[in-house]
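The values are calculated or read from the model by the stated rules, or taken from the named source; none is laboratory data. These numbers were taken from a predicted model, which means no experiment stands behind them. Reconstructed Cβ throughout: ideal geometry from the backbone, glycine too, with neighbour counts over all protein chains shown. Areas reflect the complete protein model, heavy atoms only, side chains present, ligands, DNA and RNA absent. Shrake-Rupley method; radii C 1.70, N 1.55, O 1.52, S 1.80 Å.
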Amino acid sequence: MLLAGPTAPAHAEAADPATPTISLSTPYLSGAVGAFGEPSVTVDLGQAGVPDGFLRLQVIGSSNPAVAGVGDVRQERTPRGDRKLTVRAHGRGYTDLTLRVTGRGGKTATAVLSYAASAPVAGALSTRYLTGSSDASAAVDVGGGYALVADDESNVLRLYDRSRSGAPVKTWDLGPALGVKKEADIEAATRVGNTVYWTGSLGNNKDGKYKAERNTVFTTKITGSGAATEITFTAAYKGLREDLVAWDAAHGDRYGFAAGTAAGRVPKRIDGFNVEGLEFAPGSTTTAYLGFRAPLAPAVPGGKALVVPVVNFDRVVAAGEKPVFGEPIEWDLGGLAVRDVRKNAADQYLILAGSFAADDNTDPYALYQWDGVPGHAPRKRVDLPTADAGAWEAVVSVPDLRAPGARVQLLTDNGAADLYGDGTEAKDLAHPEWKKSRAAWFRLG
């Protein structure tokens, strides 16, 4: 005899679906009006038992549609089923974009993307924005379309894709290796083989105070290239400022280095003291040129830009040898100073010329070509536009200057710029994702 078990229900009660989840790769994003290749944010969606691809993501609100509205957000699916969002700004300022995911059972979850848009710039097609830092001050090409970029407000080196706007691929904080807590005020760099030389400004700070961290020259070693680049700290020298002052004093105070470094003397004036260029002499891996933003030589309006050779620069940094200085070079750059200098493998030099002044956003800039012969004058290749509230600071690499239509990529220091129209300098913005420097290509005349 079979005993009947409990009667099964006609249908099972469906389990209550879980609330979906939504998370952003970053809650902050920066863009620019009319920009191309804008950075994106990845949105990760989830709900128990539901493939990500079946979840619905919507932009349901904007706190400031004049900057970017609901219809200005573009959504793409990634191979993983996530969503990639980019924003097309049409106004300067800030807006909070509310995102909503809808899952099984009609359940929803929301998140907010805080977006900031800067003003349009000339040459938008050639412009990219390097986010995470606003004070780009030096750069070196590492191949594969990537560059190492320094920031004069920190001791962090960042690796960027030169062709895209967005955050760095990798970062390295060299403060502990340098033994400094404050910024070394990195202003120039150059590469020899797999060694990159970096130098601080060597000058006083903006208040005219001596800060030992700024008196630092150091090297890093590169392994790999492109997106796979890695760097390690190798050596540092922290006495070049004093060596330069002593050398100038021994030669009759020709350039006024002692006065330029005196307490209370700010660096960015015609008779100040501030290094912003570093490159090696033609065919040399030992003699380096220090290019000065200040002083001009002589220290009067219309003066010439100053370059001081260091004959044993490699040994100064690697072994702590006392520097040996060569005969100074004076360039006629139309009253402008050195903001960067870079050469290519054929020993063709480009000089980025700009003002010695602190507030130089409206002053002229130009690119000069030089053949590396000390007695030869540089010749102007192209006048540059003002940097749209920033300052042109770095040449990434030098193309073949004989090639028709040769182009060069320059970077800006935007640290003092009011990017978003609220009176906040970029260096003081609360979120690193909103800090950015501009990278733009220029065709050489």
| said: Just to be sure I understand, if you calculate percent of Cα pairs over 37 Å apart for this structure, which of (i) 32; (ii) 50; (iii) 22 do you get? | reply: (i)
| message | Quick check: net charge around residue 76, other residues with Cβ under 9 Å of its Cβ, Lys/Arg +1 and Asp/Glu -1? | response | +4
| Exceeding the 30 Å Cα-Cα cut-off - candidates 238/427; 209/343; 170/380 | 209/343; 170/380
| said: Among 219-227, 426-434, how do they line up by average Cβ neighbours within 10 Å per residue, starting with the highest? | reply: 426-434, 219-227
| note | On the accessible surface of the chain, probed at 1.4 Å with all protein chains in place, carbon and sulfur together account for a percent value of 53
| said: Under the rule of at least 5 residues apart or a separate chain, name every residue whose amide H is placed under 5 Å from the amide H of residue 280. | reply: 289
| query | In a shell of Cβ-Cβ distance under 15 Å around residue 325, excluding residue 325 itself, what net charge do Lys and Arg (+1) and Asp and Glu (-1) give? | reply | -4
| query | For the peptides 87-95, 44-52, what is the packing order when you average, over each peptide's residues, the other Cβ atoms within 10 Å and list the highest mean first? | reply | 87-95, 44-52
| note | Placing +1 on each Lys and Arg Cβ and -1 on each Asp and Glu Cβ in the chain, then taking the dipole about the Cα centre, the residue among 231, 131, 110 whose Cα reaches farthest towards the positive end is 110
| 222 nm [θ] for the chain, helices only, -39500 (n - 2.57) per DSSP H run of 4+, per residue, to 500? | -1500 deg cm²/dmol
| task | Would you mind checking the tilt of helix 240-250 against the longest principal axis of the Cα atoms of the chain, expressed as 0 to 90 degrees and rounded to 10? | result | 20
| query | Under the Karplus relation 6.51 cos²θ - 1.76 cosθ + 1.60, θ = phi - 60°, what is the ordered set of whole-Hz ³J(HN,Hα) values for the range 80-86, x standing for Gly and Pro? | reply | 7, x, 6, 10, 10, 10, 10
| Charge context of residue 334, other residues only, Cβ under 14 angstrom, K/R +1, D/E -1 | +1
| request: Using a 10 Å cut-off on Cβ atoms, rank the peptides 234-242, 29-37 from the highest mean neighbour count down. | output: 29-37, 234-242
| query | Which of 51, 394, 285 sits farthest toward the positive end of the charge dipole of the chain, with +1 on the Cβ of Lys and Arg and -1 on the Cβ of Asp and Glu? | reply | 51
| query | In debye to the nearest 20, how big a dipole does the chain give about its Cα centre with +1 on each Lys and Arg Cβ and -1 on each Asp and Glu Cβ? | reply | 780
| message | Probe of 1.4 angstrom, ligands and nucleic acids ignored: what's the accessible area per residue over the chain, in square angstrom? | response | 42
